[in-house]
């Protein structure tokens, strides 16, 4: 064999060896995902079955994630509403001059503990209150109306258990003592019946002071019998004294009567927003024409 023949033979052998080595290599994975399915061990973990999952499962997974997110968002909102805060809208003038119709307030739910009325629709899951705390005289309180246990009312707490409460000639008396009040304005404005609007600063026995409003003596609830507040009940009054249906009026007469402790929902803490009467969710113009920015974020006394 000549040197040339040896070179050719060696080259052929090298080519054959290279071909054999190439045939023994695993196929190379490409970005297009075209590796043979039978080479599962050589396929990167993140790429296995990629096409099948994209077509068959992606839509279902996205829908499930959306539903799960909505569920947890609603659950968090429900827990916050039951345990911490609840918003209310003031529907009437019975708490003027401190709360006006159209005020949007926030009530703290933990202030007095929790009863079944802390839960929407008041399910009869338990009786009484848990983590109960005594409210303070002068608190502005949201409660369920005792005669139906459904309607939300807001008034100021005036009488505690064991108290005697009476109105005498337009002056509030607690336990036989007149509550000190000082007239701060007698506005030229009158109410719809032509009565003058009088504002006064009233100071309760423990020292809490706030502004009340009335139309002077001689009105329906300016002279009352003595109300004895029994254990586990509270006596409520509106700050707009001559324009408030409250504990001065008995339940059979359409009044509030004495409020059981179980009916307390929480303490009014702050005015978040406020719109004048006539504002409507369906009338965007009224959002701006009826807004009362001076009442936003007013802390309640």
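The values are calculated or read from the model by the stated rules, or taken from the named source; none is laboratory data. Treat the numbers as computed from the prediction; the structure is a model and nothing was measured. So basically every Cβ, Gly included, is an ideal-geometry build from the backbone, and we count neighbours across all protein chains shown.
Tabulated data
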{"read-out": "Residue 77 outside any strand (DSSP E or B) and touching a residue at least 60 places away in the same chain (Cβ under 8 Å)", "value": "no"}
{"read-out": "Count of residues meeting criterion [touching a residue at least 60 places away in the same chain (Cβ under 8 Å), crowded, with 16+ Cβ neighbours inside 10 Å and under 22 Å from residue 276 (Cβ atoms)] in the range 80-103", "value": "12"}
{"read-out": "Residue tally, condition crowded, with 16+ Cβ neighbours inside 10 Å, out of contact with any strand residue (DSSP E or B) (no Cβ under 6 Å at 6 or more places or on another chain) and closer than 26 Å to residue 74 by Cα, over the range 124-147", "value": "2"}
{"read-out": "Those residues of the range 276-301 which are in a loop (DSSP other than H, G, I, E, B) and surrounded by 15 or more Cβ atoms within 10 Å (Cβ to Cβ), in sequence order", "value": "279, 290, 292, 300"}
{"read-out": "Residue tally, condition within 17 Å of residue 185 (Cβ to Cβ), in contact (Cβ under 8 Å) with a residue 40 or more places away in the chain and crowded, with 16+ Cβ neighbours inside 10 Å, over the range 213-237", "value": "2"}
{"read-out": "Scope the range 240-266; condition in contact with a strand residue (DSSP E or B) (Cβ under 6 Å, 6 or more places away or on another chain) and surrounded by fewer than 20 Cβ atoms within 10 Å (Cβ to Cβ); matching residues", "value": "260"}
{"read-out": "Tally, over the range 148-159, of residues that are buried (at least 19 other Cβ atoms within 10 Å of the Cβ) and over 21 Å from residue 96 (Cα atoms)", "value": "0"}
{"read-out": "Residue within the range 231-241 that is in contact with a helix residue (DSSP H, G or I) (Cβ under 9 Å, 6 or more places away or on another chain) and part of a strand (DSSP E or B) present", "value": "yes"}
{"read-out": "Residue 121 in the same structural domain as residue 292 (by TED's automatic domain parsing), crowded, with 21+ Cβ neighbours inside 10 Å and under 16 Å from the mean Cα position of the chain (by Cα)", "value": "no"}
{"read-out": "Residues that are in a loop (DSSP other than H, G, I, E, B) and at pLDDT 95 or above, drawn from the range 151-190", "value": "151, 160, 161, 162, 163, 175, 176, 179"}
